[in-house]
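A.B. asks: Below is a structure I'd like to ask you about.
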Amino acid sequence: MPIDFDATLWIIVAGATMLGVIGGVIGCFALLRRQSLLGDSLAHAALPGVCIAFVVTGSKSPVPLLAGALVAGVLGSLLILAVVRTTRVKEDGAMGIVLSTFFGVGIVLLTWIQNRPGGNQSGLRHFLFGQAAALLAEDVVRMAILGVLVLAAVVVFYKEFQLITFDRDYAASIGLPVRTLEIGLTTLLVLVVVVGLQTVGVVLIIATLITPAVAARQWTNRLAWMLVLAAVIGGGSGAIGVLASAASQGIPTGPTIVLCSTALLGASLLFAPNRGIVQAWYGDRRLRRRIRHENLLKDIYSFGERRADFARPVSWPELMGLRGQGRHALGRRARDLRRRALVELDGDALRLTAAGRRAAERVVRKHRLWELYLTRRVDVASDHVHRDAEAMEHVLSDEATERIDALLGHPSTDPHGRPIPRPNAGDEAAR
Amino acid sequence: MPGEPPRTDAPAIEVHDLTVAYRTKPVLWDIDVALPEGRLIAIVGPNGAGKSTLLKAILGLVPAVTGWVKVFGEPYEKRRSWVGYVPQRESVDWDFPTTALDVVTMGLYGRLGWFRRPNATHRDLARAALDQVGVADLADRQISQLSGGQQQRVFLARALAQDARLYLMDEPFAGIDVTTERAVLGLLQGLRDRGRTVVAVHHDLQTVADYFDHVVLLNMHLVDSGPVETTFTKDNLTRTYGGRLTALSNAAEALLERRPSRPKG
């Protein structure tokens, strides 16, 4: 059923946006209370209710159908509770059983209705994947009423909802009626699911609840902001989804809305600060680079130390022999270090600059102090400490290093008898 | 904040014939105990002895099969505002989107009641509580970025913000570093010295005699309850832990020898 870009379209956009906003807000609480699967079970369990309501009333109008959905959804969730209470089946197992059974019954009823005369016109098919084109002004009014109810409840009871979600026992200890508040939140969840069935469908309604919430969580560490962001992401996905679905002539609305919010979720998982994959990856890459640079400085230093001559340059083959590294990779690192004036090229060999030597000494100092610390304070045998120190030398902070130095009484040699370099007076200025 | 709390003659907590069961499995049997006001009180017993359950039963968080609990002579519901609860640190999701200051502010929700929001005054109170436990600089940290010891301090600060007269704490010393343990102990002793009562589930038998004034020995039933000097004996510990661990009886002996070094205010 293609949509025309006219007044009806904007009604539909308004409906989908509204659904996205309240789905996002209620979804945050569902996510934090680990009730994501409950929402999904509810939605699937609603399908036979829709079908039975249609058979009983013979009406295509949404109010009886949604009432049927509500009854079946609530029955389904009560059945989940009953299974958990009376059998040894755990909650996720119970949800899986109830969800698939109700959904199976729903599909059987749906097929039977559609094969009856006139059944094709029932529009029940749309409850599977949602068809926003079927939304009427009165449906949108219904959504708006629910929207106001949800937002008002969350605003008025924000601190109570926050507390029972974070710390249920504590909330009960100060006298909050935890059961009642939980029932309130779950009721709102049920209502959002039922009202969303027409637009997004039973299969995908869970995405309007969970996807915006997960995406919002990526960007903020405050519950209030998470709620606002989830509302924006959910609402935006709803609007864009309807418009894209309208323009494409025939792609169901539900999947389109879901794909929009999934795209936003993907961007959030990748690019959000602190929690994003890209930042973590970039941080890892920088650390690995620094480790390679520090290792090269240390390697050059080790030749100077062995020869007691830091002025004599170290050749490529000598350096390549140490860690079995290729000439190309080594050259790239050497260029990086030269740009920072830590090494200089002498013909076809490398030499540390004064700053480079100090940088290398700092790394060597951390390595040897850590070895000494492990042997003296943690009682690790001296032939076991090298590998550990190889890692610690790159991550130990300067302050921690000096504390260890003081703790060990400013030692001059490591467990293997090698000298521990001491930063000289000009050290701070050189950094 | 209220000044010195009014005195009552009733014990801080009185438990009478309390039996608690999870479904059909009894966890606590016929507990009769009275806990005096103004003391540091440890609840000690093996795993599964019902220590946390006893706290929760006092708070009305788990239903009693039989028996009753009175707090300062009244049912708990009438004394809520006198009581601060510190749940086990592991009982909440520390990745919850909130800051340390927000968590401490939750300690004032009981006083705020419905429909009122915390304002600048309340946030100042919460900040002062954070300062009392020595982590005022972490107020704006997301709680997952806190160490275990810092999380425990935040939980304690939330209870302090309540300015209660009786504190019920579930393992306040579990999983924290030595520095935090010292700080927490100092805090609890400070509360005791100001006439407050602290009841804490405690795991470390080595420190019971040093840290606490009064001990409740529990193993599904009440083994004994009383001042540490007379109650925390090898005999009682053997009865509490079933005598199955000789290592424990040795620990008890070691503790008896250490008795003279008990609390210094």
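A.B. asks: Identify the single condition in (1) more than 12 Å from chain B (Cβ to nearest Cβ); (2) out of contact with any Leu (no Cβ under 8 Å at 6 or more places or on another chain); (3) surrounded by fewer than 18 Cβ atoms within 10 Å (Cβ to Cβ); (4) in contact (Cβ under 8 Å) with a residue 40 or more places away in the chain that A:Tyr158 does not satisfy, given that it satisfies every other one.
C.D. replies: Every listed condition holds for A:Tyr158 apart from (1).
A.B. asks: While we're on this one: Here are the criteria: (1) of a type outside the set (A, V, I, L, M, F, W, C); (2) over 21 Å from the mean Cα position of the chain (by Cα); (3) more than 10 Å from chain A (Cβ to nearest Cβ). Tell me which single one B:Thr98 does not satisfy.
C.D. replies: Result: B:Thr98 passes all but (3).
Rundown of residues vs (1) touching an Asp or Glu at 6+ places or on another chain (Cβ under 8 Å); (2) at pLDDT below 90; (3) more than 8 Å from chain B (Cβ to nearest Cβ), yes/no style:
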position: A:Leu163; (1), (2), (3): no, no, no
position: A:Ala172; (1), (2), (3): no, no, no
position: A:Gly175; (1), (2), (3): yes, no, no
position: A:Gly184; (1), (2), (3): no, no, yes
position: A:Leu197; (1), (2), (3): no, yes, yes
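A.B. asks: Only one of these is farther than 30 Å from A:Val214 by Cβ and assigned by TED's automatic domain parsing to the domain that holds A:Phe127: A:Val63, A:Val89, A:Val74. Name it.
C.D. replies: Sole residue among the options that is farther than 30 Å from A:Val214 by Cβ and assigned by TED's automatic domain parsing to the domain that holds A:Phe127: A:Val63.
A.B. asks: With the condition being open to solvent by 60 Å² or more (accessible area, probe 1.4 Å) and not β-branched (Val, Ile, Thr), I'd like the helices (runs of 4 or more DSSP H) fully within the range B:1-106 carrying at least 2 qualifying residues.
C.D. replies: Fully inside the range B:1-106 and qualifying: B:76-79.
A.B. asks: Go through the range B:202-261 residue by residue and tally those that are over 21 Å from the mean Cα position of the chain (by Cα), modelled with pLDDT of 90 or more and open to solvent by less than 70 Å² (accessible area, probe 1.4 Å).
C.D. replies: 2
A.B. asks: Just checking, which of A:Asp414, A:Asp379, A:Asp383, A:Asp388 is surrounded by 19 or more Cβ atoms within 10 Å (Cβ to Cβ) and outside the structural domain of A:Glu318 (by TED's automatic domain parsing)?
C.D. replies: A:Asp414
A.B. asks: Out of A:Ala230, A:Ala280, A:Ala216, A:Ala246, which single residue is open to solvent by less than 20 Å² (accessible area, probe 1.4 Å), more than 14 Å from chain B (Cβ to nearest Cβ), in a helix (DSSP H, G or I) and among the hydrophobic types (A, V, I, L, M, F, W, C)?
C.D. replies: A:Ala246
A.B. asks: How about the range B:113-143: which of its residues are facing chain A (nearest Cβ under 8 Å) and open to solvent by less than 10 Å² (accessible area, probe 1.4 Å)?
C.D. replies: Hit for the range B:113-143 is B:Gln142, nothing else.
A.B. asks: Next question, about the same structure. Hey, does the range A:244-257 have a residue that's touching a residue at least 40 places away in the same chain (Cβ under 8 Å) and closer than 30 Å to B:Val103 by Cβ?
C.D. replies: The answer is no; no qualifying residue exists.
A.B. asks: Same structure, new question: Conditions first: (1) within 13 Å of chain A (Cβ to nearest Cβ); (2) surrounded by fewer than 16 Cβ atoms within 10 Å (Cβ to Cβ). B:Gln151 passes all but one, so which condition is the exception?
C.D. replies: With respect to (1) within 13 Å of chain A (Cβ to nearest Cβ); (2) surrounded by fewer than 16 Cβ atoms within 10 Å (Cβ to Cβ), B:Gln151 is out only on (2).
A.B. asks: Additional query: Assess whether A:Leu296 counts as being surrounded by fewer than 13 Cβ atoms within 10 Å (Cβ to Cβ) and among the hydrophobic types (A, V, I, L, M, F, W, C).
C.D. replies: no
The values are calculated or read from the model by the stated rules, or taken from the named source; none is laboratory data. The structure displayed is predicted, hence computed values, not measured ones. Positions of Cβ are generated from backbone atoms using ideal geometry, with glycine treated the same way; all protein chains shown enter the neighbour counts. For accessibility, only protein heavy atoms count, side chains too; no ligands or nucleic acids. Shrake-Rupley method; radii C 1.70, N 1.55, O 1.52, S 1.80 Å.
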